[in-house]
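Trainee: The structure under discussion is supplied below as structure tokens; questions concerning it will follow.
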Amino acid sequence: PPSFSRETTLCLTTVTISTNSKTKALVSHKSPPKFPIRYNKNINKPAPDSPSSPSQQNTKGWTNGNELEDSRLVAQFRSIALAAEDRSQMHAIIGVQRDNWNELCHMTVNMTTIAAAILAAMNSGVGGTSVSMSVAAFLLNGGAAGFMYLASKYQPSQLAEEQRTASRFHKLLARDIQTTLLIDPRLRKDAHLYMEEVMARLQALNVGFPLPLKPNGLEKFPKVVAPSMLGPVADLTETEVPANNTNGWTNAITNDLQRTADKLQTSDIAKYVRAARNKEIANKRLAILAPVCAGVAALLSLIGCWPGIHLAGVAAACSIVAVLTSSFSNGGQIGMIFELYRNCAGYYAEMEQDIQSTMRAPVCQREDGELYHQKIALQLGRRDCMPLFSSQEKTAGKLF
């Protein structure tokens with residue numbers, strides 16, 4: 001059976017992320033990191049004069065010399081699944097906390113700005129002569145502008161969506177491992193290859209969805225909008241391995257999967273990246289407008305303290321514009337919608353990269369071809385048929 005290094009089994013729950021400029025670029029989605037999966041093209045070739053080689057070839061490295069499932073190997077995979085479940089729970093807890101931040105921040109901003117607008121309107125009704133009302137409106141609008149700036153910078157609704165997505169895909173990774181261990185070893189992916197894959201997926205999720213806000217948090221207004229990182233990036237320098245009608249892989253399945261990967265790249269991923277970019281542009285404009293209007297209202301309220309200057313009515317109007325803009329941006333959760341579109345693109349991008357990676361692995365090391373084709377069909381929201389979609393359809397996915 002294949003051997004696994006001690007470093008592989010120890011690197012289960014944490015991944016150290018350096019703070020140099022390269023890592024910051026990765027977190028901002030400009031250049032996703034690569035977690036290469038090494039294919040051992042000789043791993044399943046029977047050794048000469050070795051009685052256990054035929055069994056090892058059939059079970060893809062999942063059994064020991066006694067033709068029994070390798071208990072140490074199974075324990076390693078279960079420890080990875082346990083680490084993924086633990087990280088899923090961590091992200092779920094932080095997601096609830098950040099969702100509470102969003103609700104409390106939105107409520108505080110609205111109440112503060114509305115109170116400032118009422119004071120400014122009342123001051124305007126008495127001729128703008130009340131210094132106390134002007135000072136109170138200035139303080140309330142100034143505080144509201146500060147809260148709006150923080151909400152615009154950190155986007156609490158987007159933070160909550162990031163954590164919900166991270167929790168979901170860590171849980172999905174754990175269930176994938178558990179399900180794999182339940183099926184016949186002959187239908188599984190090669191043990192060494194699968195170990196490399198799950199470790200790469202775990203590391204990609206750790207980098208793609210960092211727990212802290214600073215210093216490695218995701219940019220809320222990235223210059224380049226890219227799909228979220230949900231899995232390793234395929235090494236396209238490797239050549240594709242043609243099907244040889246073994247291990248459930250036929251030319252029809254291979255061609256259909258490659259056609260699906262091409263459609264995902266050109267249609268589905270591009271569609272949601274474009275939608276995310278449009279939402280990011282709108283959200284950025286609203287994020288700038290709301291605190292600016294509140295700051296202008298605070299400044300006008302302060303200027304209105306001087307005798308003979310009557311700007312309380314204008315200050316009240318600016319406060320109203322600020323609260324409406326903030327409600328539309330934060331209450332409407334535009335940041336969450338941007339993150340949702342980005343994650344939809346990431347979902348299809350991870351599927352496309354998985355297909356590309358599988359096509360470059362030796363056929364004997366892959367998961368059973370028919371089972372893999374069915375899994376891709378279900379992930380796309382389609383029936384397991386050949387082909388998966390007709391040439392007239394614009395997209396490969398049907399889930400969203």
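The values are calculated or read from the model by the stated rules, or taken from the named source; none is laboratory data. Since this is a predicted model, take the numbers as computed values, not measurements. Neighbour counts run over all protein chains shown; Cβ positions are idealised from the backbone, glycine included. Protein only, heavy atoms only, side chains kept; ligands, DNA and RNA dropped before computing areas. Shrake-Rupley method; radii C 1.70, N 1.55, O 1.52, S 1.80 Å.
Trainee: In the stretch 183-319, what is the volume of the convex hull around the alpha carbon atoms, normalised per residue and reported in Å³? Working shown, then result.
Mentor: Details: hull volume 25.5 nm³, N = 137.
That works out to 186 Å³ per residue.
Trainee: How high is the FRET efficiency from residue 370 to residue 79, r the C-beta distance, R0 25 Å, rounded to 0.05? If you can, show how the numbers build up before the last one.
Mentor: On the way: r = 30 Å, r/R0 = 1.20.
E(calc), rounded to 0.05, equals 0.25.
Trainee: Taking θ = phi - 60°, what integer Hz values does the Karplus form 6.51 cos²θ - 1.76 cosθ + 1.60 yield along the stretch 389-400, in sequence order, with x for Gly and Pro?
Mentor: 8, 7, 5, 7, 6, 7, 10, 8, x, 10, 6, 8
Trainee: For the stretch 171-184, take each phi angle, set θ = phi - 60°, evaluate the Karplus expression 6.51 cos²θ - 1.76 cosθ + 1.60, and give the result in whole Hz per residue in order, putting x for glycine and proline.
Mentor: Listing the rounded values in order: 5, 4, 4, 4, 5, 4, 5, 4, 5, 4, 5, 8, 8, 4 Hz.
Trainee: Can you flag which of 223/263; 223/279; 60/171; 263/398 are past 22 Å Cα-Cα? The partial results should precede the final answer.
Mentor: On the way: 223/263 26 Å; 223/279 13 Å; 60/171 26 Å; 263/398 13 Å.
With Cα atoms farther than 22 Å apart: 223/263; 60/171.
Trainee: Sort out for me the Cα centre separation of the stretch 135-151 from the stretch 217-231, rounded to whole Å.
Mentor: 30 Å
Trainee: Here's a follow-up. Quick one, what does Rg over Rh come out to for the stretch 249-302 if you take C-alpha atoms and the Kirkwood Rh? Numbers along the way, then the final one.
Mentor: Details: Rg = 23.0 Å, Rh = 14.9 Å.
Across the stretch 249-302, the Cα-based Rg/Rh ratio is 1.55.
Trainee: Using a simple charge model, +1 on the beta-carbon of Lys and Arg, -1 on the beta-carbon of Asp and Glu, nothing else, what dipole does the stretch 134-186 show about its Cα centre, in debye to the nearest 20? Mind dumping the intermediate values first?
Mentor: Details: 6 positive and 4 negative charges, 17 e Å.
Dipole magnitude for the stretch 134-186 comes out near 80 debye.
Trainee: Next question. Could you give each residue of the stretch 142-159 its phi-based ³J(HN,Hα) in whole Hz, using Karplus coefficients 6.51, -1.76, 1.60 with θ = phi - 60°, and x for Gly or Pro?
Mentor: x, x, 5, 4, x, 5, 5, 5, 5, 5, 5, 6, 9, 6, x, 5, 6, 4
Trainee: For residue 366, what residues show an amide H to amide H distance below 5 Å, using hydrogens built from the backbone and excluding near sequence neighbours?
Mentor: Amide H neighbours of residue 366: 190.
Trainee: If you count only protein heavy atoms with a 1.4 Å probe, what accessible area per residue comes out for the stretch 334-400, rounded to a whole Å²? List each step's numbers first, then the result.
Mentor: Values: 2620 Å² over 67 residues.
On a per-residue basis, 39 Å².
Trainee: Once you place label points 7 Å from the Cα toward the Cβ at residue 97 and residue 285, how far apart are they in nm?
Mentor: Going by the 7 Å Cα→Cβ label model, 3.6 nm.
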